[in-house]
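Some notes on the structure that comes next.
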Ligand code: HEM
């Protein structure tokens, strides 16, 4: 890639890194809220989240973890975008898909903790992450073969 391609990749890279660190920040805040009741106080756990092993508690715990993990993955993804050789369109689809995964995964998990049918939305962020990573792996293979 060169010229306009490099500029576009640099812009997308920065966007994924900025989004990733912002999501990580939200994940810390999310974890701090969980921390107010997760270890027997200082606050009382809401009834639906009182049991560590219950489905609602697992869902909010996973939402916190999703913020942390997909935040870091977006940062890594941003760094990789500048190193792979793919069309501008593919780079854009990959970048957008990874951001979509980071937005929707914690949202659907949190909503599902309150209303379980939201769990049926989870394949959307999972598929978005799958697409993003598949594009990245393809780009890495192309670079190695070049
Ligand atoms: C920096 C501030 C953080 C705070 C305040 C925080 C808070 C919490 C709390 C309160 C729990 C327990 C949730 C529960 O009992 O249901 C938890 C679980 C967890 N957190 Fe965090 N967390 C932080 C950072 C992180 C980071 C950086 C990661 C990973 C990169 C992470 C990954 C996890 C995982 C995997 C669990 C589940 C642990 C288990 O079930 O044994 N957290 N966090």
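Mind listing whichever residues of the range 70-101 are within 11 Å of the ligand (Cβ to nearest atom) and surrounded by 17 or more Cβ atoms within 10 Å (Cβ to Cβ)?
If the condition is that a residue be within 11 Å of the ligand (Cβ to nearest atom) and surrounded by 17 or more Cβ atoms within 10 Å (Cβ to Cβ), then 70, 71, 73 are the ones that fit.
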* **residue 55 being over 15 Å from the mean Cα position of the chain (by Cα), touching a residue at least 24 places away in the same chain (Cβ under 8 Å) and surrounded by fewer than 15 Cβ atoms within 10 Å (Cβ to Cβ)** => yes
* To do: Could you tell me which numbered condition residue 107 fails, if it satisfies all but one of (1) within 16 Å of the ligand (Cβ to nearest atom); (2) surrounded by fewer than 18 Cβ atoms within 10 Å (Cβ to Cβ); (3) within 12 Å of the chain's Cα centre (by Cα)?
  => (1)
* Does the range 37-51 contain any residue that is touching a residue at least 24 places away in the same chain (Cβ under 8 Å) and within 12 Å of the ligand (Cβ to nearest atom)? -> yes
* Assess whether residue 63 counts as being within 11 Å of the ligand (Cβ to nearest atom), surrounded by 16 or more Cβ atoms within 10 Å (Cβ to Cβ) and either part of a helix (DSSP H, G or I) or touching a residue at least 40 places away in the same chain (Cβ under 8 Å) (or both). => yes
* Asked: Given (1) over 15 Å from the mean Cα position of the chain (by Cα); (2) part of a helix (DSSP H, G or I); (3) near the ligand (Cβ under 9 Å from one of its atoms), where does residue 8 come up short, assuming only one miss?
  -> (3)
* Structure fact -> Flagged pairs (Cβ under 7 angstrom, 6 or more apart or on separate chains; first in the range 126-146, surrounded by fewer than 15 Cβ atoms within 10 Å (Cβ to Cβ); second assigned to a helix (DSSP H, G or I) and modelled with pLDDT under 95) are none
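The values are calculated or read from the model by the stated rules, or taken from the named source; none is laboratory data. All values reported here derive from a predicted model rather than from experimental measurement. All Cβ positions, even for glycine, are placed from backbone atoms using ideal geometry, and neighbour counts span all protein chains on display.
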